[in-house]
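Q: Here it is, the structure, as structure tokens.
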Amino acid sequence: MAVYLFGIKTVKYGTAATGSSMPTGMTTLPNTVKGSVSIEETEGSTVKFFVDQQFSPVKVVKTEEGELSATMQFYDMTFANIAALKGGTGNATGYTPATGYQMMEKALELELDSGHKLNMYNAALSTRITGGGGRDKLFALEVKATPQLTISNTQGWDIQVV
């Protein structure tokens with residue numbers, strides 16, 4: 001039987017995991033902007049080995065796996081969420097950006113309408129504010145998450161049935 005993955009039900013974040021278990025007490029993010037969620041895996045890298053007498057390689061060796069990433073946007077600009085995903089400080093009255101570079105690492109859980117979860121145990125986040133500038137546009141918080149190994153060297157992501 002075929003398995004189809006589709007739809008974003010919820011997105012949650014929490015403290016980056018140190019192993020292959022998602023943290024408890026994760027925070028649910030606001031609804032995602034329609035059509036803004038993109039989950040992609042890049043093509044891996046290979047090296048081709050040739051001999052002088054043949055035009056085709058005698059061996060192709062995979063040297064790197066592809067890299068998974070998820071990009072999504074949120075219209076809700078709650079200051080605490082901006083601070084949690086971008087760094088800096090946020091409270092009920094405002095947001096102040098961090099000074100210097102911030103390494104934002106979080107666990108992310110994307111629950112899908114298809115009854116699956118995409119877990120990123122230790123994702124490096126790159127977050128920016130985008131959009132806006134007119135009466136017909138809203139500012140959005142855009143988050144790009146790239147899974148990385150956890151401290152205990154377990155893989156950075158998986159897909160599970162809920």
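Q: Sort out which residues of segment 35-59 are farther than 28 Å from I129 by Cα, surrounded by 11 or more Cβ atoms within 10 Å (Cβ to Cβ) and touching a residue at least 12 places away in the same chain (Cβ under 8 Å), and write them in order of number.
A: G44, S45, T46, V47
Q: Follow-up question, since we're still on this one. Here are some conditions: (1) surrounded by 15 or more Cβ atoms within 10 Å (Cβ to Cβ); (2) out of contact with any Leu (no Cβ under 6 Å at 6 or more places or on another chain). A98 meets all but one. Which one does it not meet?
A: (1)
Q: So, T78, is that one within 21 Å of F139 (Cβ to Cβ) and over 17 Å from the mean Cα position of the chain (by Cα) or not?
A: yes
Q: Another question, if that's okay. I'd like the residue in segment 10-66 that is part of a loop (DSSP other than H, G, I, E, B) and either aromatic (F, W, Y) or touching a helix residue (DSSP H, G or I) at 6+ places or on another chain (Cβ under 8 Å) (or both) and, out of all such residues, is farthest from T150 (Cα to Cα).
A: That would be F55.
Q: Could you please give the count of residues in segment 140-162 that are part of a strand (DSSP E or B), more than 14 Å from the chain's Cα centre (by Cα) and surrounded by 12 or more Cβ atoms within 10 Å (Cβ to Cβ)?
A: The number of residues fulfilling the criteria is 1.
Q: Here is a list of conditions, (1) surrounded by 15 or more Cβ atoms within 10 Å (Cβ to Cβ); (2) touching a Gly at 6+ places or on another chain (Cβ under 9 Å); (3) basic (K, R), and K117 meets all of them except one; can you say which number that is?
A: (2)
Q: In addition: Could you tell me whether L118 is in a strand (DSSP E or B), touching a Lys or Arg at 6+ places or on another chain (Cβ under 7 Å), closer than 20 Å to G25 by Cα and modelled with pLDDT of 95 or more?
A: No, not satisfied.
Condition check ((1) within 25 Å of T42 (Cα to Cα); (2) free of Cβ contacts under 8 Å to residues at least 40 places away in the same chain) across all residues:
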position	(1), (2)
L68	yes, no
T71	yes, no
Y101	no, yes
M104	yes, yes
L112	yes, no
S126	yes, yes
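The values are calculated or read from the model by the stated rules, or taken from the named source; none is laboratory data. For clarity, every value in this text was computed on a predicted model and none was experimentally measured. Every residue, glycine as well, gets a Cβ built from its backbone with ideal geometry; the counts of neighbours run over all protein chains shown.
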